[in-house]
């Protein structure tokens, strides 16, 4: 079964990636990771538009100039980083048509994230995917 059933296969997908807690593998660069993310969701049945936002310490990473919005936070600024992620998830969901997909790539999903996910799922036609290190491709 596809991870993106029905209308979700062509729907826009917003990816929110905590690169501080879900670091880029030392064997890869940022461009390769972005390609891998897009390839993974394509193989899972998605063929719509993808927008990616990354949050964390960007020092030492060279991201492509297109296809990703970077949000730099110094190492250790977890609260500020997660607050910005939540703010951006809510803003993104308000700006994008339904149905849509939202994907969180993060280590720990705090109660605040779960609350926002549940609220958007109950009021809007969104499918959520949560990917955690070592968990593979997951759906909430």
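None of the figures in this text is laboratory data; all of them are computed from the coordinates on show. Treat the numbers as computed from the prediction; the structure is a model and nothing was measured. Backbone-built Cβ (ideal geometry, glycine too); neighbour counts: all protein chains shown.
Could you tell me the calculated FRET efficiency between residue 107 and residue 10, based on Cβ-Cβ distance and R0 = 25 angstrom, to the nearest 0.05?
FRET efficiency, residue 107 to residue 10: 0.25.
At 222 nm, what value in deg cm²/dmol follows for the chain if DSSP H runs of at least 4 each add -39500 (n - 2.57) and the sum is divided by all its residues, to the nearest 500?
Result for the chain: -10500 deg cm²/dmol, rounded to the nearest 500.
Considering only DSSP beta bridges whose two residues both sit in the chain, what percent are antiparallel, to the nearest 5?
Of the beta bridges lying entirely in the chain, close to 0 percent run antiparallel.
Starting from the exponent 0.38 and prefactor 2.2 Å, build the expected Rg for the chain from its residue count and divide its actual Cα Rg by it.
0.99
Run the paramagnetic zone check for residue 79: 7 angstrom along Cα to Cβ, then residues of the stretch 1-40 with backbone nitrogen under 20 Å.
18-21
Which residue fluctuates the most in the chain, going by a Gaussian network model with Cα springs under 10 Å, if the choices are 26, 50, 117?
26
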